[in-house]
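Here the structure comes first, spelled out in structure tokens, and everything after it is commentary.
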Number of protein chains: 2
Amino acid sequence: MIDCSSSEDKIKDAAKRVFILKGFSGCTSREIARESGMNVALVNYYFRSKDKLFQIIFQAVLEEFMLSMYSVFSSDASLKDKIRILIEREYDFISKNPEIPGFIINELSRENKESSEVVELLNKISASGVMKQAEAAQQIGEMRKIDIIGISLLVTSNCQYPFIAKSLLQKMHGLSDKDYFEYLETHKKNVTEMILTFLFPNPTVN
Amino acid sequence: MIDCSSSEDKIKDAAKRVFILKGFSGCTSREIARESGMNVALVNYYFRSKDKLFQIIFQAVLEEFMLSMYSVFSSDASLKDKIRILIEREYDFISKNPEIPGFIINELSRENKESSEVVELLNKISASGVMKQAEAAQQIGEMRKIDIIGISLLVTSNCQYPFIAKSLLQKMHGLSDKDYFEYLETHKKNVTEMILTFLFPNPTVN
DNA sequence: GTATGTTTTAAACAAGTGTTTAAATAAAGT
DNA sequence: ACTTTATTTAAACACTTGTTTAAAACATAC
């Protein structure tokens, strides 16, 4: 298997892997260079500094992550289905990229860096009309009265935490990687039922 | 306000603050020395190395954190009350130490360090008889059939995540520290109700 | 007082950090 | 062909890292 991508891309790919795994202050420029099979000087030749390279990676990862969550809102499914799908999507995405939530959260709190992506997501969501959908469902008593913050907190808590705290949970219960990820499939079902019956205690339709 | 504690304690206190805030690889020995008002050499005079100092701090923090969660299990309250109190306790403890869960999780996954405290907690919990309490409640159909991993995942997800992801959530919704922590008080009530009605769908007593 | 053991300091150490330089190589343009 | 531009490299730069050294300051004994 030969990597025939450009040197710039090789560095970018390696940087993404290393940054996500160890964080900005947990790795060195030389480590990224080594991981990409390139020279240290090349990293700075293409990206000017470790910091600049990190910003590029971080913004890309953030956008990828946000987009995977957002796309569900623009569909025309029912509110209940949207949340059901949202949970499903988050679990799937994070299963494939288990370290990304922790990476984003850690680096976002490292320094108070502003990220347009973070703010823009909320605008996109409110523009999708899902808020009005929620208001309507709450009006007729189908849905519990709870704001968007509460809903997203419930979903993200139960979807992201099991992956963020993987190391802790694994050590506590002595589970292998395989066992742990298998268990999370069961947990996903629990979480889905718990959140949906909490948000929609009086199902009128569906 | 004069700090009249010993130099060793001053270093330990500063190290705890700095390590929790920035992580092991996010800070330097000189930063800890400066923060404690001491000399760099003194840090190594008392603790031999940055690594040794970190281990001491980490184990202490881990024990403090685990103990605050565990103590509820040894009471003679009903199972439902134990979980209710557990959520209350976790929220209270983490409100006062918001960075500790993230600190523990991050440092635990940094290297595969074994921590006896993590394993011991489970032994203490099973020794407290709460497992049998759960089995009994599940036998009579009062409690949903779910194992200890699932329960602790539900509780910790909904209690710890809101603090771990504070930076992300705050930026998304544009909340000040005060607003955010206020909101979490409301969220705690939601979480408590959600988890309890999920775990105990058919209340027989209480 | 001197002597002894402990605590504190400034200075130094080697290794590692991000970054830059200047020369070597390759590619493209004429 | 030659010139110009872009890529790659080894080496160096200045600075920070964790750690150690050796001497100073302090305390407590005799």
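FYI, it's all coordinate maths here, none of it is from the lab. Worth saying up front: this structure is predicted, and the values here are computed from it rather than measured. Don't worry about glycine lacking a Cβ; one is built from the backbone with ideal geometry, like all the others, and counts go over all protein chains shown.
Just to compare against my own numbers: the Cα pair-distance distribution for the range B:1-125, 5 Å bins, whole % per bin, please. Per 5 Å bin, starting at zero, the Cα-Cα P(r) for the range B:1-125 comes out as 2, 10, 19, 18, 17, 14, 9, 6, 3, 1, 0 percent. Helix-only arithmetic for chain A: the sum of -39500 (n - 2.57) across DSSP H runs with n ≥ 4, divided by the residue total, places the mean residue ellipticity at 222 nm at -23500 deg cm²/dmol.
Normalised size of the protein assembly as shown, defined as Cα radius of gyration per 2.2 N^0.38 Å with N residues, equals 1.06. Extension gain for B:SER75-B:ASP92 works out to 4.3 nm (0.36 nm per residue, less the C-alpha to C-alpha distance). Working note: Karplus 6.51/-1.76/1.60 with θ = phi - 60° gives the range B:148-165 the couplings 5, 4, x, 5, 5, 5, 4, 5, 5, 3, 7, 8, 8, 3, x, 8, 4, 8 Hz, where Gly and Pro are set to x. Distances between equivalent label points of A:GLY129 across the copies, with each point positioned 7 Å along Cα→Cβ, amount to 5.9 nm, shortest listed first. With an a/c value of 1.5 or above and a/b not larger than b/c for the gyration tensor axes a ≥ b ≥ c computed over the alpha-carbon atoms, the range B:1-48 is described as oblate.
Normalised by the number of residues in the range A:60-199, the mean separation of alpha-carbon contacts (under 8 Å, six or more apart) gives a relative contact order of 34 percent. Ordering A:ASP13, B:ASP177 by the number of other Cβ atoms within 10 Å of each residue's own Cβ, fewest first, gives B:ASP177, A:ASP13. By the equivalent-ellipsoid construction on the alpha carbon gyration tensor, the range A:60-199 comes out with semi-axes of 26, 21, 12 Å, ordered largest to smallest. Measuring between alpha carbons in the structure, the pairs from B:LYS82/B:LYS145; B:LYS82/B:LYS124; A:LYS12/A:LYS188; A:LYS178/B:LYS80 lying more than 23 angstrom apart are A:LYS12/A:LYS188; A:LYS178/B:LYS80.
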